[in-house]
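> Encoded as structure tokens, here's the structure I'll be asking about.
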Amino acid sequence: MIGVNKVILIGNVGKNPDVVSFPSDGAAPVKKASFPLATTESRRNRDNEKVEITEWHNIVCWRGLADVAERILHKGMQVYIEGKLQSRSWEDREGNKRHVTEVVAESLLLLSSRQRPEEGGAVNNPLVEIINGDTEPLGDLPF
């Protein structure tokens, strides 16, 4: 039987990536960048009030993608992530068993400006407007 492990997320970076380099045998060190990503859904509750539900995801980027994440990602930026789920467990210093599920990113696409929010960066990507519903419907398409 064939299995599929695919995750697609669109959300906001929760904090600037944490970057760690691991030594490699005679080669350049292997870089890992990790950061939280918030995805938010809107729903209506029983009283027909709009309620937003936010989920937090642990994102991990390796090697070249970690370099990209380190250079361009900042807290608050909206990104599109494709990757796979990976779970791991370990024992901490106190002997407690720890578990974590992460999204190992395979590709990353910026949906917001590369400028930092504190620099007055405005959204300049039309894909962001489409995703956020800031455009009018296209109507009947001929295909």
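Quick note: the coordinates plus some simple rules give every number you see, no bench work behind them. The model shown is predicted, which means the values in this text are computed figures rather than measured ones. Don't worry about glycine lacking a Cβ; one is built from the backbone with ideal geometry, like all the others, and counts go over all protein chains shown.
> Within straight cross-link reach of residue 75, meaning Cα distance under 16 Å, which lysines are found once same-chain residues fewer than 8 apart are removed?
15
> Show which lysines lie in cross-link reach of residue 6 when reach means a straight Cα distance below 18 angstrom and same-chain residues fewer than eight apart are skipped.
84
> Pull up all non-local amide H partners of residue 106: gap of 5 or more, or a different chain, and H-to-H distance under 5 Å with H placed in the peptide plane.
Amide H to amide H, under 5 Å and 5 or more residues apart or across chains, residue 106 pairs with 82, 83, 84.
> Would you list 32, 84 from fewest to most Cβ contacts within 10 Å?
Lowest to highest Cβ neighbour count: 84, 32.
> How do 68, 79 rank when sorted from fewest to most other Cβ atoms within 10 Å of their own Cβ?
With the sparsest Cβ surroundings first, the list reads 68, 79.
> What percent do you get for the relative contact order of the stretch 17-98 when only Cα pairs under 8 Å and 6+ apart count?
After rounding, I find 24 percent.
> What residues have an amide H closer than 5 Å to that of residue 75, excluding those fewer than 5 places away on the same chain, when H is modeled at 1.01 Å from N in the peptide plane?
Sorted by chain and number, the residues that satisfy this are 16.
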